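Reading through the structure tokens given below for one structure.
Here, each number is a calculation from the coordinates, and none is a lab measurement. Here the structure is a predicted model, which is why all the values come from computation and not from measurement. Virtual Cβ from ideal backbone geometry, glycine too; neighbours counted across all protein chains shown.
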Amino acid sequence: MLFKITTGFFVWDVLKWLLLFAVTSSIFLSAVRYAVRRGGIKRPENRNSIGDDSAGAFSSDSARCFLEVCVKPWTDHPLCPLFGMGALLLFFVTAIFLG
Amino acid sequence: MAVNDILPALFNFFVAALLIIFVFAASHKSDRLYMLMTAFIMKKRGMPVPAAQGSGFRTMFRSQVSVPGCALTGMAVCAPALAVASLVTLCAGLPYCTFVPITDGGADIIQMAQLFLLSEAFAVAAFCSLGTKDGLDHAAAETRDVIKLLFALTAAVASLASFFVKNGADRDPFSISSFSVVGRFSTMSLYGITGAFLFAFVILSQLPGKGAAFSESLLGEDDLPDFGGAPRALLLLWSSARSFIIISVVVFVFFPYNLVDNIGEGAGFAWYGQAINFAAFWLAVLLFRIAVVPFCQLSMAFIERKVPAKLSAAVMPLLVAAAMLLLWYEEALLIEEAAVF
């Protein structure tokens, strides 16, 4: 079945979940819509909007920094494929011991 | 679905809706109670009382909706509602929130973590869509806190599941009903029990929020002043409900069901035992929220202050590693015992 995810132990009825999510989100969204209709939306002018110089913690700079500091040394390492195989082996052994 | 099944299904939905409303209301009220208690204690000690979320949920919900001028209005207004809705679907899978789980038969803890992440994604999207530097910083802090919590939670679940499999569990090791460890404490040595309690300590100390100093709220009174009204109220409700649900999962793992069931059997009525179970469980969650979580958070802050500054970030991973090693050692003891037998 497309809408049922079944493993050895566990059955997840995705259709029911989707229905429940749709019903609850429509309830909360209508509550918010009611609040917006009643009072309107106030939009104060930007006091500290994102400028070029202050880009916040999710800026592309920090993403690049993360890649350069944490990911690049691993991918540049000559033994990188070996590490990858080792990690896969570790996952495999864990899966065997758990299953 | 046959016609005969519709009425029971509707009844299940009705009971689940009542219980989920109860969980959300209890989470909000317990947060308020904790804030009042802390304010009272701080006042008694002559300490300055920080500005609380002065207005309650209802007042905040009724105030005018406001978002910063540069915000993506639709996303900033709708995403908190979707975050709360995802949390409701998470509750619908938990046995103690619905009596009869209405979305699946097993309440899988991995699925719970996925739904938890979905609701987090909506909350982070709400912060990001504000378009201000403060909003992005809040989103980054929230993401960091959640990753820390999920790290501890995943390590705890994997270690306990592995131990249960070795201990002869013949059902889904990741199902939440497999995680009730109290009945297994009698077969565990001190190492395993310490490991389980250490995991509970780390998870409770890593609950996202402003910390134990005053409130568990996601946002202080002074944070994001341009973001107000119904979306902010929903986001605060989501934050307290999320912490409450994580606490309830930890309490579920350690709750002595056998003891309470025996009290009910003594009275001779099945419903009597169930009613006591229900009341005792939710009172325990409330007690954890008010007393145990602040204790864990303050203890963790104390430990982090006492170790050298360079190592303070490593305290949580080291405690998680210690708890995992204790449970693995317990597993090794179990295997050795089985081999001797």
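Based only on other Cβ atoms within 10 Å, what is the fewest-to-most ordering of B:Ser30, B:Ser205?
Ordered from fewest to most neighbouring Cβ atoms within 10 Å, B:Ser30, B:Ser205 come out as B:Ser30, B:Ser205.
Residue by residue through segment B:317-330, what is 3J(HN,Hα) from phi via Karplus (6.51 cos²θ - 1.76 cosθ + 1.60, θ = phi - 60°)? Round to whole Hz and write x for glycine and proline.
With coefficients 6.51, -1.76 and 1.60, one gets x, 5, 5, 4, 4, 5, 5, 4, 5, 4, 5, 5, 5, 4 Hz.
What ranking of A:Cys80, A:Cys70, B:Cys128 emerges when the number of other C-beta atoms within 10 Å of each C-beta is taken as an exposure proxy, fewest first?
Listing A:Cys80, A:Cys70, B:Cys128 from fewest to most nearby Cβ atoms yields A:Cys70, A:Cys80, B:Cys128.
Return the sequence-ordered ³J(HN,Hα) values of segment A:76-83 in whole Hz as given by the Karplus equation 6.51 cos²θ - 1.76 cosθ + 1.60 applied to θ = phi - 60°, using x for Gly and Pro.
With the stated coefficients, segment A:76-83 comes to 7, 5, x, 8, 3, x, 5, 4 Hz.
Taking the Cα-to-Cβ direction at A:Phe92 and at B:Phe151 and moving 7 Å from each Cα, how far apart do the two end points lie in nm?
Modelled inter-label distance: 2.8 nm.
For B:Ile41, B:Ile290, which order do you get if you count the other beta carbons within 10 Å of each Cβ and list the fewest first?
Arranged by neighbour count, lowest to highest, B:Ile41, B:Ile290 become B:Ile41, B:Ile290.
Which of the lysines could a cross-linker bridge to B:Lys133, judged by Cα under 27 Å and excluding same-chain residues fewer than eight apart?
Once the sequence-local lysines are set aside, what remains near B:Lys133 is A:Lys42, B:Lys148, B:Lys210.
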